[in-house]
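Derivation of every value follows stated rules applied to the coordinates shown; laboratory data play no part. Keep in mind the model is a prediction, meaning the values are calculated, not measured. Positions of Cβ are generated from backbone atoms using ideal geometry, with glycine treated the same way; all protein chains shown enter the neighbour counts.
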Amino acid sequence: MSSTLTGGCLCGAIRYTISAPVTALRACHCRNCQKSSGSGGTVNAVVPEDSFRITQGTTRSYQDSATQSGRTLSRHFCGDCGSPIYSHRNPKPGFVVVRAGSLDESGGLKIATHIWTASARAWSHIEPGTERHPENLPQPPSK
């Protein structure tokens, strides 16, 4: 993958860059991601917040406070065409979760982790051998 990735919405009003390497994708099967995407969930690139930059346009956002994790999630999308672009937790944890389908080029990227698999639709495909969690990722150990 290129060192700088680009992406945007369906109508072209929103454009962005990611300056950090993206090596793997994470699929979320929670009910809210299903509803917001109109599909079996979302496929995402988790990147450092300071590596993600909107270069054109302004996203609209929806504050999703009815999440299964109990956290409020800011879901950012194009106000013109409705394309989901990215999300982040509140308060911001230092990373953003970019919708992989909005990337201009994603060749070579594969889903490495599936979260909230307990709420996955029966028709969702989860590749054998990938990491999976019935809920969110476990918390990292305390330092």
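Summary table
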| item | result |
| --- | --- |
| Amide H partners (placed H, <5 Å) of V96, local residues excluded | V47, E49 |
| Potential lengthening between Y62 and V46 on full extension [0.36 nm per residue; Cα-Cα distance subtracted] | 3.9 nm |
| Under the Karplus curve 6.51 cos²θ - 1.76 cosθ + 1.60, θ = phi - 60°, whole-Hz ³J(HN,Hα) for segment 79-86, x wherever Gly or Pro sits | x, 8, 9, x, 4, x, 10, 7 |
| Highest average packing first - 114-123, 46-55, Cβ atoms within 10 Å | 114-123, 46-55 |
| Point-to-point label distance, T6-R53, nm (Cα→Cβ direction, 7 Å offset) | 1.4 nm |
| Prolate/oblate/rounded label for segment 15-93 (Cα gyration tensor, a/c 1.5) | rounded |
| Phi-based couplings in Hz for segment 5-20 (Karplus 6.51, -1.76, 1.60; Gly and Pro marked x) | 9, 10, x, x, 8, 4, 8, x, 5, 10, 10, 8, 10, 10, 9, 9 |
| Anisotropy class of segment 75-135 from Cα gyration tensor, a/c 1.5 cut | prolate |
| Range of Cα positions in the chain per principal axis (Å), largest first | 39, 37, 32 |
| Cα centre as origin, Lys/Arg/Asp/Glu Cβ charges: the chain dipole, Debye | 320 debye |
| Cα gyration tensor shape of segment 25-70, rounded if a/c is under 1.5, else prolate or oblate by comparing a/b with b/c | prolate |
| GluC sites (Glu not before Pro) restricted to segment 94-143 and DSSP loop, no more than 15 other C-beta within 10 Å | E105, E135 |
| FRET efficiency, A112 to C81 (Cβ-Cβ, R0 25 Å, nearest 0.05) | 0.30 |
